[in-house]
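What follows is a short report on a single structure.
Quick note: the coordinates plus some simple rules give every number you see, no bench work behind them. In this text the structure is predicted, and so the values were computed from the model without any measurement. We place every Cβ from the backbone using ideal geometry, glycine too, and count neighbours over all the protein chains shown.
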């Protein structure tokens, strides 16, 4: 009997007192333990799932995956619709949303309440509504590749999967879906435009000298490269709230000594701006937008004291998608 | 007076005799001179033109131009029709016609009688009708690039100009208009085919692993490389009178460690075989042709003890040719 030694103490009353005391001590210990566990964070089932997914995500090689950077202003309905699409794209490592809605809280809570999500999405609250916010160095960015998309642009998953595979073969160039060109004139002043403008050179067809970054893959090192550019370049972008993409093409062309980008013809890419309820329709609708783009080209030529942009007429499509798109008359 | 001193000689008769003598000497000299000029080669106007053109042609940089190698058998009507087209292609340096019509004289005289021609055309009489004759090292070949075309294939000039510019950007690969692939099967035995065959891999679209040399640009060094291959490879081509192009793709893929070719989608390429009066319709109409191609793949895998072919799904087109071929719905 456990209490034999204790029971030999003076009388039964002493034994019962000790027993009661022991029980009280045990109870108190249990209560303390219970209180302590209540202080521990609650590990809900979905958090466990998220933990497992995070481990898997970290395991995904940052060479074989890319980070989506999407800057957004005043079109949160489009943003969320697009995030639902992009979050499911293969080889996506993470999404960084550059939240340019100053003073308005980013929808972290809403996002989390609608979880779980396939990949992490980070909302980066900005201090000022600047076009070049999306070209910062983000500490959360772990991949070699960036996918940069405007917050009104829906690019189909097959297009993204293919374009990413093309970028992996040409990692020093912007691989994207929107080609543009600069056009020289006899006065030496350049103009900015698209296919409606005079094709440079004397051969057949057209040429492009820029691939716009708002629907493209490019090397994440180029964000650092952008940060290191002369202050005049950053000032130009801030003054116009435009031309960050033209500047990136200048910078990259100058850096690699060849054409800055490769155009991949999209099979299915849509602009959703007409679908927003915000009433906001995007910077390119401003009256001065196109003239600003030409202005930027000439300013950048001044700043860099050269025209580094180079022409290309290479258009890449995916062999056999859509089906038999390479069949010819023979 | 000129004759004053002579006129003082005895009498007028002496003066007249000397004058006559002088005239006779002058006449004889003129006749001799005239005879000499008649011996000089007649410089006709068109030869002068040819001389000027030859100087221009030698001046054309052999880095910026290419040599057309066209092998021909029993389709001289097609050959001559095609030569009329190809001789005018920009950046063409020279044509080498591999004359596989053994015992029949090459049409040098006919060709010359229909001159002048923009570029030199050399007819190389062969000693045996072999498929791999066109893969010899030709001493007349001066350019870095070869354009190899079958003698029934008409490729439009814009297609050639564009594909050559693509080859200049990817000079270690076959840049051409006819893609094919090998298909693995669960038995490990390969089959050869085109778009109708199962696309390899699990993604969208199709892949190709070979670009046929009979409508392509490739580096002229690869002719030497072909000559250096194991005798078994040459024997395979001789036995089948087929597969020289499959062999070239094996060799090049092995050599560069990446996909052997880049497919450029032709805008306007025709096969003229139905237009020949010779009654001869080309090797690929033989019953066993396709099976032979699969056979060759497996034999080459044996010979090289590896499958060096690599898949690609990159299809290149010329930006803006035909007009606005890159417009998309937005």
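Worth a mention:
- Region B:79-112-region B:144-159 distance, computed between alpha-carbon centres (Å): 13 Å
- Folded to 0 to 90 degrees: helix A:157-169 orientation relative to chain A principal axis, Cα: 80 degrees
- Just so you know, the Cα atoms of the protein assembly as shown work out to an Rg and Dmax of 38.8, 193 Å.
- Label geometry 7 Å along the beta-carbon vector: residue A:196 inter-copy distances in nm: 4.6
- Peptide B:158-164 has a mean of 2 when you count, residue by residue, the C-beta atoms of other protein chains within 10 Å of its C-beta.
- Relative contact order of region B:72-136, defined on C-alpha pairs under 8 angstrom at six or more residues apart (%): 39 percent
- Most mobile of A:113, A:312, A:156 in a GNM of chain A (Cα contacts under 10 Å): A:113
- Partner chain coverage, peptide B:196-205 - average Cβ within 10 angstrom: 4
- Relative packing of peptides B:82-91, B:61-70, A:69-78 - highest average C-beta neighbours within 10 Å first: A:69-78, B:61-70, B:82-91
- Ranked packing of B:129-138, A:170-179, B:99-108, B:182-191, most packed first, by mean Cβ within 10 Å: A:170-179, B:129-138, B:99-108, B:182-191
- Shielding by partners for peptide A:268-278, expressed as the average number of C-beta atoms from other protein chains within 10 Å of each residue's C-beta, is 1.
- Shortest-first distances to equivalent copies, position residue A:221, nm, label 7 Å out along Cβ: 2.6
- Placing a label point 7 Å from Cα along the Cα-to-Cβ axis, residue A:280 is separated from the same position in the other copies by 7.2 nm, shortest listed first.
- Axis angle, to the nearest 10 degrees, between helix B:244-256 and the longest C-alpha principal axis of chain B: 80 degrees.
- Normalised alpha carbon radius of gyration of chain A [divisor 2.2 N^0.38 Å]: 1.48
- Zero-based 5 Å bins, Cα pair distances in region A:101-260, whole percents: 1, 7, 14, 18, 20, 16, 11, 6, 3, 2, 1, 0
- Taking all Cα pairs closer than 8 Å and separated by 6 or more residues, the relative contact order of region B:64-176 comes to 37 percent.
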